[in-house]
């Protein structure tokens, strides 16, 4: 054979001058031998070919792959929670993730593990079996669960000799996580003990302990629960000391403490004080530590340990929204400026709707009083559907903390505003609005604000209630005279210990002209519609409009929202919402029958800077059915 695998060329023989098959040739024996070898090779190849199958199958190699795990028979415990408790690596829904290896020993271990989980949930006779089906080196596992009868609570007895009034005991029992006639679970049993312990820890008994026992009858499937509460001595707060020598004055820190010496000891007050100190944004860590004292000592001192943040910080933000389009933000904060806990903020913002440059100076405990001094000034230019304006503003406020976690302020505001790009139709309807005119508003400021939210970026519980009022009389030097009041209420409530959150808000605003002003200029009127308002409608298009459909705004605003925030997978959340609102030309025109409604849904992904996502809103009673079909909003943060 030649190197290319073809038969030898006959030209080999011609080079010797002899023709093949010629009598007397000396090459004939070698040629006959080669022919014989070729024939034998062909016969061997034909015989081997007959023994080969028509198609070749590849035998699977490597360990078996776990393709799926199916659980049947689970009723009391969700399948999702069962899978979360399993140690067996489960296949992923994402196709690019490598499937796990099937290990029978892991499945057997999980069966024993799941039996223990069912026992903790009140099922002591649960049977679990598994079955594996193998196909092409891929395994499908089926786990069948027979839960069996549940253990029922027949008695709940609380032994509490002190620390509780009869009314409190009655209320705690009514709200108890474990009641007679319910299924016994270890989780609810532990929650029952924590319920009584937490009450004592927050009402003057820091040395309280709870003990319990469960009399379980596995044959009758019944449980008798007994909890004994030992309150210990009634204790009070002692001195509060700041440890170390922070640059921030001690009085600035102690001002945020919610309790006083001699009050009953409470861990809740310690937690609230910690959150208020964090709210100063001067410290990266805050710890309130009750000091160790002899058991007979009733007054417990508290030490405050803080670690200050860097003196300067820079914040940069980029984003996109359907209304603002590209937006950018740059903020610079100076902490402890010239000492004393003073702060200076410089903030800039750019988007299609507005340019803003703003500065805020904060001086706590002015001249040793309980009042904080705040000076704010800036320049803003807005590009809104009904008009464009640019304004310079400044405010001077005195703020202080009031009882019941209320923060109040009084002050003075000064604004210079020049509106322009206003249509002739709008100018004809708003006689006291002139394009290009410089308006001066000098006003007294008054406000109250109460925040109880557990997280300012993504609240789960608590709420916000605020009242803001502006009064601009002529004796303050104001060219436009008015009284403006805005009330905003928000509430957040998680369902139990889950991430299912119900959120709601209600906002009402009114502005009334007075003295020589007969009509409020367009730049001071209320507008509604858009992402931060009623999401199914265009920006500012709710309420009065001119003949061309451009918004005019109004003197009264009423709007609100109800929203459900639902966990989906890890950091992903879904939202479903119902918004309502409208703007009215005059306060006397306010009519809930004229509200506009929109419903919709959205998706959020929670990041370290807050939730980002998208909302889709559909108007339920559209202004113009040909234009108001739906609105898509790209978001950073929650809608409210």
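The values are calculated or read from the model by the stated rules, or taken from the named source; none is laboratory data. Worth saying up front: this structure is predicted, and the values here are computed from it rather than measured. So basically every Cβ, Gly included, is an ideal-geometry build from the backbone, and we count neighbours across all protein chains shown.
For the range 307-326, the set of residues classified as surrounded by 15 or more Cβ atoms within 10 Å (Cβ to Cβ) and within 28 Å of residue 274 (Cα to Cα) consists of 308, 309, listed by residue number. Filtered by the rule that a residue be in a loop (DSSP other than H, G, I, E, B), more than 36 Å from the chain's Cα centre (by Cα) and over 16 Å from residue 199 (Cβ atoms), the range 152-182 gives 180, 181. The strands (runs of 3 or more DSSP E) found entirely in the range 246-355 that carry 3 or more residues being farther than 20 Å from residue 378 by Cβ are 283-290, 299-308, 312-321, 325-335.
So that you can scan it fast, the table gives a plain yes or no per residue for (1) surrounded by 15 or more Cβ atoms within 10 Å (Cβ to Cβ); (2) within 26 Å of residue 475 (Cα to Cα); (3) not assigned by TED's automatic domain parsing to the domain that holds residue 259:
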{"residue": "343", "(1), (2), (3)": "yes, no, yes"}
{"residue": "388", "(1), (2), (3)": "yes, no, yes"}
{"residue": "391", "(1), (2), (3)": "yes, yes, yes"}
{"residue": "407", "(1), (2), (3)": "yes, no, yes"}
{"residue": "413", "(1), (2), (3)": "yes, yes, yes"}
{"residue": "429", "(1), (2), (3)": "yes, no, yes"}
{"residue": "436", "(1), (2), (3)": "no, yes, yes"}
{"residue": "440", "(1), (2), (3)": "no, yes, yes"}
{"residue": "447", "(1), (2), (3)": "yes, yes, yes"}
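Of 516, 503, 576, all but one fail to be assigned by TED's automatic domain parsing to the domain that holds residue 441, part of a loop (DSSP other than H, G, I, E, B) and farther than 19 Å from residue 353 by Cβ; the exception is 516. Answer yes or no as to whether residue 378 is under 19 Å from residue 466 (Cβ atoms) and modelled with pLDDT of 95 or more. When the stated conditions are applied, residue 378 does not pass them.
Of the residues making up the range 532-549, those that are within 13 Å of residue 579 (Cα to Cα) and modelled with pLDDT under 90 number 1. In the set 484, 545, only one residue is over 32 Å from the mean Cα position of the chain (by Cα) and free of Cβ contacts under 8 Å to residues at least 12 places away in the same chain; that residue is 545. It is to be established whether one or more residues within the range 349-358 are in contact with a helix residue (DSSP H, G or I) (Cβ under 7 Å, 6 or more places away or on another chain), surrounded by 17 or more Cβ atoms within 10 Å (Cβ to Cβ) and touching a residue at least 12 places away in the same chain (Cβ under 8 Å). No, because not a single residue in the range 349-358 is in contact with a helix residue (DSSP H, G or I) (Cβ under 7 Å, 6 or more places away or on another chain), surrounded by 17 or more Cβ atoms within 10 Å (Cβ to Cβ) and touching a residue at least 12 places away in the same chain (Cβ under 8 Å).
Filtered by the rule that a residue be outside any strand (DSSP E or B) and touching a helix residue (DSSP H, G or I) at 6+ places or on another chain (Cβ under 9 Å), the range 397-420 gives a lone residue, 405.
If you go through the range 183-236 and pick out every residue that is out of contact with any helix residue (DSSP H, G or I) (no Cβ under 8 Å at 6 or more places or on another chain), buried (at least 20 other Cβ atoms within 10 Å of the Cβ) and in a strand (DSSP E or B), you end up with 1.
Restricting attention to the range 607-620, does a residue exist that is assigned to a strand (DSSP E or B), free of Cβ contacts under 8 Å to residues at least 60 places away in the same chain and surrounded by 19 or more Cβ atoms within 10 Å (Cβ to Cβ)? Yes.
Whether any residue in the range 100-110 is loosely packed, with under 13 Cβ neighbours inside 10 Å, in a loop (DSSP other than H, G, I, E, B) and not assigned by TED's automatic domain parsing to the domain that holds residue 213 is what I want to check. There is no residue in the range 100-110 that is loosely packed, with under 13 Cβ neighbours inside 10 Å, in a loop (DSSP other than H, G, I, E, B) and not assigned by TED's automatic domain parsing to the domain that holds residue 213. Report yes if residue 613 is assigned by TED's automatic domain parsing to the domain that holds residue 567 and within 19 Å of residue 325 (Cα to Cα), otherwise no. Answer is yes for this residue.
Regarding residue 298, is this residue in contact (Cβ under 8 Å) with a residue 24 or more places away in the chain and within 30 Å of residue 385 (Cα to Cα)? When the stated conditions are applied, residue 298 does not pass them.
Among the residues of the range 436-469, those identified as free of Cβ contacts under 8 Å to residues at least 24 places away in the same chain and either farther than 16 Å from residue 276 by Cα or not in a loop (DSSP other than H, G, I, E, B) (or both) are 436, 437, 438, 466, 467, 468. Looking at 264, 249, 231, just one residue is touching a residue at least 40 places away in the same chain (Cβ under 8 Å), within 30 Å of residue 154 (Cβ to Cβ) and either out of contact with any strand residue (DSSP E or B) (no Cβ under 6 Å at 6 or more places or on another chain) or not assigned by TED's automatic domain parsing to the domain that holds residue 209 (or both), and that residue is 231.
Within the bounds of the range 237-257, is there any residue that is surrounded by fewer than 19 Cβ atoms within 10 Å (Cβ to Cβ) and more than 37 Å from the chain's Cα centre (by Cα)? Yes, the range 237-257 contains a residue that is surrounded by fewer than 19 Cβ atoms within 10 Å (Cβ to Cβ) and more than 37 Å from the chain's Cα centre (by Cα). Report the residue count in the range 527-571 for those that are over 17 Å from residue 592 (Cβ atoms) and in a strand (DSSP E or B). Residues flagged as over 17 Å from residue 592 (Cβ atoms) and in a strand (DSSP E or B) within the range 527-571 amount to 9. Checked against the criterion of being closer than 30 Å to residue 185 by Cβ, surrounded by 12 or more Cβ atoms within 10 Å (Cβ to Cβ), outside the structural domain of residue 567 (by TED's automatic domain parsing) and in contact (Cβ under 8 Å) with a residue 12 or more places away in the chain, the candidates 126, 72 yield just one match: 126.
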